[in-house]
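The values are calculated or read from the model by the stated rules, or taken from the named source; none is laboratory data. The structure presented is a predicted model; accordingly, all values stated were derived computationally and were not measured. Please note: Cβ atoms are built from the backbone with ideal geometry, for glycine as well, and neighbour counts cover all protein chains shown. With ligands, DNA and RNA removed, areas are computed over all heavy atoms of the protein, side chains included. Shrake-Rupley method; radii C 1.70, N 1.55, O 1.52, S 1.80 Å.
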Amino acid sequence: MTHRFQRRLQRLALVALGLIAASLIWFNPAPQAATEPWIPTVPVQWDEQYARVPDWSQLTFSNLPPLLSSGAVEILGDLVSSLGYDPSRIWQAGQSVAEVLKLGDFQTSLYPQLFNLQTLAQMGQIDLSQVALSALEMVGWQRVEDLVSAIPGLGNLRLDQVPPLETLISEVLPASSIQGLDGNDLTLSSLLTEFPDLGQLNLGQLSEQLNSFALTDIPGLTGISLQNFRDWGNSTIGGVPGLASVPLDQMPNPLSGVGAIGQIDMVYGQAETQRQTTISGSKQAGFQVPCEESCAHVEFAGIPGLHGKQWISGQVQQVPGGEGFLSFVNGGQEPTGRHPFGDAFKVALWDVDESSGTVSTALFFRMCQRGGFLTPDLGCTPYFIGPVPFMTYKETDFMLVGAVDGGSGGQAASSLPVVSTSLDGLSQPASQRAQPQAVDLTGLQPCEPSNGELDLGALSTAISTLSRYPTAIGPYGCDIQGHCGRRLGPYPLMSYQPEVQAMIAAQPGGQEFLNRVESGAEVNADEVERFLPSATQTHLVKESLQVIAEQAQVEGLSDAALIERIGQQYFGGPGVPTDGTVADVQGQVFLNPQTALLSQTYAQAQGCIAQGGGQE
């Protein structure tokens, strides 16, 4: 008699005894368990079987179930002093994840920092002129100089055209001092040049007065990406108007489900021991972590890669997690589980009830503190912020477990269906998104001399605007050096570039995608965005531009001449002639030095009009 058959007989015996007892005594109902959370689902079919997967088009940070446990991340005082801020965090059971989780926690998964307030307002039908400035949490730590640097053209405005800054500055600088400088034509940039200390004034100093201003009272604030603000990663999700209500399949890097579907054969309780063929674990320990004792788990039937495999409950097993400095948090441990929906969160089996053959799942999140140009990269904590109640399954149900090849525990390219019901917005298929509109030059002032400084963000934006490819992927072609491949994304990033290949190959299923690209197979815009996200493309472009810029500066070029030379080498390669027309491998003309098109577009991205430049 097999072990599984014995278990089924034991369960039938328990049911029979329960029925007999109920007929002999007065039935007293037991307290009801917590109601199963509202998790909308959609069916997917695979191999003539159906599975329920979350309907991410209806799930948002604001309507996810609340946290079931309290917790905290406490950072040592010495580190807080060296950082200049305190990244510690505390949360309570029953609190919404939108109040606890921050933009920086999803910087490399959902990329919420790519949104701007105008996009969020369109998605949520919000009138930003009726939303208080204080509703944008990160406004509270923005300095005057931060806003002038982040918002193109703001420095060219008069102080009275920016009411919140006018109120802030007037508290420390009398109006008579301003009027005595240059009449009513004094711009913010000129004012900061005359009084540099004003740049350090913080909008948080306005305190309750922030409630009397609207988000639209600072011109341009609603049109820039959230990542342009200083320390944007420290803002909670709920601290950005409209963000908590964005469906998770409409994030810049939207959630979806892809990978293997397994059928739950049996549900086992904590009496189980020595489970060796598991598919659960962590990114640090791998996803085949064995369990020695108290091994509550489910066992799968179905496809060969899953048949007989076990997924251990996160309630009974902790595994190593986290990365970088923050990996020490929670003792460096997190519940065992998997990542069928990517890195934004971890899915763990939770309550396992062998008698009823049911198992619930829960989500766990992590805290991340990524570095920047002047800030250290602290890494991420283990996935331990939770549990957030999720889906419940019973024996014979099918569930999405994600990629099982290679033990990644995450997403991978597969013949299985991708569950995504994207609507309008940034997650709309890339081929259908609106093309950039013409820039209104009215009111723009001439750019000031760069003094050797280069805004790589504005330059990468200009290159993207100038490219304006009609499709997200180009035809197969070769350059003059004999490198052959296909363009991927809005920038002229080519599939043969080693850095592009490395980024794609690092994604689950990335190598398969690269093979398809090189074979000439059909590839759509959404696949390009998945394996080479927009943020990754921009990062690669900035790195390339930095190398080219350093060489061009050695040649003594500056301002418009510098930008033109960078464009020539970026689009045409290091051997491109200094005169004539530059085109890519598809014959599309990008730059004619006489027109100075790239330098003008770069200037517009900075909020000014390009001036001539030359050699120093």
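Results for (1) at pLDDT below 50; (2) among the hydroxyl-bearing types (Ser, Thr, Tyr), shown as yes or no for each residue.
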site: THR538; (1), (2): no, yes
site: LEU545; (1), (2): no, no
site: GLU564; (1), (2): no, no
site: ASP579; (1), (2): no, no
site: VAL582; (1), (2): yes, no
site: ALA605; (1), (2): no, no
site: GLY614; (1), (2): yes, no
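For every residue, the table says whether it meets (1) open to solvent by less than 10 Å² (accessible area, probe 1.4 Å); (2) in contact with a helix residue (DSSP H, G or I) (Cβ under 8 Å, 6 or more places away or on another chain).
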site: LYS283; (1), (2): no, no
site: GLY286; (1), (2): no, yes
site: PRO290; (1), (2): no, no
site: HIS297; (1), (2): yes, no
site: ILE303; (1), (2): no, no
site: GLN317; (1), (2): no, no
site: PRO340; (1), (2): yes, no
site: LYS346; (1), (2): yes, no
site: TRP350; (1), (2): no, no
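One line per residue, one yes/no per condition, for (1) of a type outside the set (Lys, Arg); (2) touching a His at 6+ places or on another chain (Cβ under 9 Å); (3) modelled with pLDDT under 90; (4) closer than 30 Å to GLU529 by Cα:
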{"residue": "MET251", "(1), (2), (3), (4)": "yes, no, no, yes"}
{"residue": "ARG275", "(1), (2), (3), (4)": "no, yes, no, no"}
{"residue": "GLY281", "(1), (2), (3), (4)": "yes, no, no, yes"}
{"residue": "PHE300", "(1), (2), (3), (4)": "yes, yes, no, no"}
{"residue": "HIS307", "(1), (2), (3), (4)": "yes, no, yes, no"}
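Those residues that are part of a loop (DSSP other than H, G, I, E, B), among the aliphatic types (A, V, I, L, M) and either under 18 Å from THR361 (Cβ atoms) or open to solvent by 20 Å² or more (accessible area, probe 1.4 Å) (or both), I need them from segment 251-281; list them, please.
Correct list: LEU255, VAL258, ALA271, ILE279.
Specify the residue that is farthest from the chain's Cα centre (by Cα); the eligible residues are those in segment 500-527 that are farther than 20 Å from GLY259 by Cβ and open to solvent by less than 20 Å² (accessible area, probe 1.4 Å).
Ranking the qualifying residues of segment 500-527, first place goes to VAL517.
Any idea which of (1) within 19 Å of the chain's Cα centre (by Cα); (2) within 17 Å of SER280 (Cα to Cα) is the one ILE385 doesn't satisfy?
Condition not satisfied by ILE385: (2).
Looking at (1) modelled with pLDDT of 95 or more; (2) basic (Lys, Arg); (3) more than 25 Å from GLY71 (Cα to Cα), find the lone condition where ARG338 falls short.
Checking ARG338 against (1) modelled with pLDDT of 95 or more; (2) basic (Lys, Arg); (3) more than 25 Å from GLY71 (Cα to Cα), the one that fails is (3).
If we scan segment 232-250, do we find a residue that is assigned to a helix (DSSP H, G or I), open to solvent by 40 Å² or more (accessible area, probe 1.4 Å) and over 27 Å from ASP127 (Cα atoms)?
Checking segment 232-250: not a single residue is assigned to a helix (DSSP H, G or I), open to solvent by 40 Å² or more (accessible area, probe 1.4 Å) and over 27 Å from ASP127 (Cα atoms).
Picking from SER134, SER69, SER81, SER88, which residue would you name as being of a type in the set (Ser, Thr, Tyr) and touching a Leu at 6+ places or on another chain (Cβ under 9 Å)?
It is SER134.
Residues being in a helix (DSSP H, G or I) and either without any contact (Cβ under 8 Å) to a residue 24 or more places away in the chain or within 19 Å of the chain's Cα centre (by Cα) (or both): count how many of those fall in segment 125-137.
Number of matching residues: 1.
Please go through segment 282-309 and give me each residue that is within 31 Å of the chain's Cα centre (by Cα) and assigned to a strand (DSSP E or B), ordered by number. Outline the logic, then answer.
Here is the first cut: in segment 282-309, the ones within 31 Å of the chain's Cα centre (by Cα) are 282-289, 305-306.
Once the filter is applied, which keeps residues that are within 31 Å of the chain's Cα centre (by Cα) and assigned to a strand (DSSP E or B), segment 282-309 yields SER282, GLY286.
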